[in-house]
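Asker: One structure is given below, represented as structure tokens, and several questions about it will come after.
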Amino acid sequence: MSDDLVAAKPLYAQVRDQLTRRLVSGEWVPGMLIPSEHELARQLRVSQGTVRKALDAMTMDNLLVRRQGRGTFVSQPEDPKLLFQFFRLTADGKEAEFPLSQMLGNAEVPAPQEVAEPLGLAEGAPVVRIERVRLMAGAPVINEVLWLPAARFAGLAGLDGIPNNIYKLLSAKWGVTIARADEQLRATLADSQDAERLGCTVGHPLIAIQRIAYDLEDKAVELRQSRCLTDAVHYSVSLR
């Protein structure tokens with residue numbers, strides 16, 4: 001067994017941490033077929049059962065995906081399961097659909113205090129501010145602003161053609177995988193900007209969602225502020 005697999009936590013969790021470092025380092029990249037359980041057990045000098053339990057944990061966290069008869073692969077942000085891991089709005093009475101995006105702005109700006117703090121930055125540090133409206137069934141339902149550290153995502157500000165799935169871009173261009181996110185939901189009322197972008201009246205009820213997204217090293221990499229029109233959609237989450 002490797003020297004860094006110490007007895008501070010269950011052995012499978014230590015193996016999981018070591019395998020996760022392969023994602024962080026870029027040794028394992030999105031879409032890659034990883035070695036077999038047998039080979040990983042040989043490399044780490046642990047039992048195949050321990051490796052299987054570690055891989056199960058990583059699969060539950062959507063870092064890996066198992067494909068019957070093909071093997072285990074590093075998840076890609078466009079995998080259907082991952083798309084809806086970080087998007088919880090569903091049209092009433094319809095199957096889940098991933099929204100389209102209309103970009104309204106993308107620029108580097110100084111971080112205000114309320115943005116810098118959750119991102120672990122100093123106030124005034126450069127951040128990329130992305131504004132967009134998201135549409136479901138052709139109708140605008142989300143007015144949102146994304147904030148990301150400019151130093152970590154050089155070249156993002158002003159980039160043309162930012163894809164609808166921005167997490168795919170962060171993974172492909174900067175090697176940053178979003179591993180988890182914390183969200184806070186509050187009831188709010190539409191302001192004049194919401195009314196213009198979402199086609200509702202000022203004072204119309206909305207849901208405000210603030211998200212902080214974290215990478216594989218548990219560093220905050222995105223603050224997202226979404227203001228959602230829920231006349232025909234709802235926030236859906238399965239509790240277990």
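The values are calculated or read from the model by the stated rules, or taken from the named source; none is laboratory data. Not measured: the values here are computed from a predicted model. Note that we place each Cβ from the backbone using ideal geometry, even for glycine, and neighbour counts take in every protein chain shown. Heavy atoms of the whole protein, side chains included, go into the accessibility calculation; ligands, DNA and RNA do not. Shrake-Rupley method; radii C 1.70, N 1.55, O 1.52, S 1.80 Å.
Asker: For the chain, which whole percent of the accessible surface, found with a 1.4 angstrom probe, sits on carbon and sulfur atoms?
Answerer: Using a 1.4 Å probe with all protein chains present, the chain comes out at 52 percent carbon and sulfur.
Asker: Is the shape of region 58-178 rounded, prolate or oblate, going by the alpha carbon gyration tensor and its root eigenvalues a ≥ b ≥ c, with a/c under 1.5 for rounded and a/b larger than b/c for prolate?
Answerer: Oblate, since a/c reaches 1.5 and b/c is not below a/b.
Asker: So how strong a dipole does the chain carry about its Cα centre when Lys and Arg Cβ are +1 and Asp and Glu Cβ are -1, to the nearest 20 debye?
Answerer: Computed charge dipole of the chain: roughly 840 debye.
Asker: What does the accessible area per residue of region 143-240 come to in Å², with a 1.4 Å probe and no ligands, DNA or RNA counted?
Answerer: 51
Asker: Can you give the accessible area of Ser75, probe radius 1.4 Å, in Å² rounded to 10?
Answerer: It works out to around 10 Å².
Asker: Can you check how the C-alpha radius of gyration of the chain compares to 2.2 N^0.38 Å, as a plain ratio?
Answerer: Dividing the Cα radius of gyration by 2.2 N^0.38 Å gives 1.13.
Asker: Cut-off 10 angstrom, C-alpha nodes, Gaussian network model of the chain. Which of Thr201, Thr90, Thr177 fluctuates the most?
Answerer: Thr201
Asker: Here's something else I'd like to know. Considering Cα pairs under 8 angstrom that are at least six residues apart, work out the relative contact order of the chain and quote it in whole percent.
Answerer: Computed value for the chain: 16 percent relative contact order.
Asker: For the chain, modelled as a Gaussian network with Cα springs under 10 Å, which listed residue fluctuates most, Ala111, Ala213, Ala151?
Answerer: Comparing Ala111, Ala213, Ala151 in the GNM, the peak value goes to Ala151.
Asker: Right, next: Short version: ³J(HN,Hα) in whole Hz for each residue of region 111-126, in order, from phi by Karplus 6.51 cos²θ - 1.76 cosθ + 1.60 (θ = phi - 60°), x for Gly and Pro, what are they?
Answerer: 6, x, 4, 5, 9, 4, 4, x, 8, x, 10, 6, 4, x, 4, x
Asker: Within the chain, how many lysine pairs that are 8 or more places apart, or on different chains, have C-alpha atoms less than 23 Å apart?
Answerer: For the chain, the number of qualifying lysine pairs is 9.
Asker: Still on this structure, please answer the following. Size of the dipole of region 95-203 about the Cα centre, Lys and Arg at +1 and Asp and Glu at -1 on the beta carbon, nothing else charged, in debye to 20?
Answerer: 360
Asker: Pull out a ≥ b ≥ c, the square roots of the eigenvalues of the alpha-carbon gyration tensor of region 140-236, then state rounded if a/c is under 1.5, prolate if not and a/b is larger than b/c, and oblate in the remaining case. Please list the in-between numbers first.
Answerer: On the way: a/c = 2.50, a/b = 1.78, b/c = 1.40.
Verdict is prolate for region 140-236.
Asker: Right, another one. Let me have the relative contact order for region 94-206, percent, based on Cα pairs under 8 Å that are six or more residues apart.
Answerer: For region 94-206, the relative contact order is 20 percent.
Asker: As a test question: what accessible area, to the nearest 10 Å², does Met58 have when a 1.4 Å probe is rolled over all protein chains in place?
Answerer: Surface accessible to solvent at Met58 totals approximately 0 Å².
Asker: I'd like to compare 221-228, 191-198: which one has the highest average count of other Cβ atoms within 10 Å, and what's the full order after that?
Answerer: Details: 221-228: 21.4, 191-198: 16.1.
For the peptides 221-228, 191-198, the packing ranking is 221-228, 191-198.
Asker: Toward the positive end of the charge dipole of the chain, about the Cα centre and with charges on Cβ (Lys, Arg +1; Asp, Glu -1), which of Gln14, Gly120, Pro149 goes farthest?
Answerer: Farthest towards the positive pole: Gln14.
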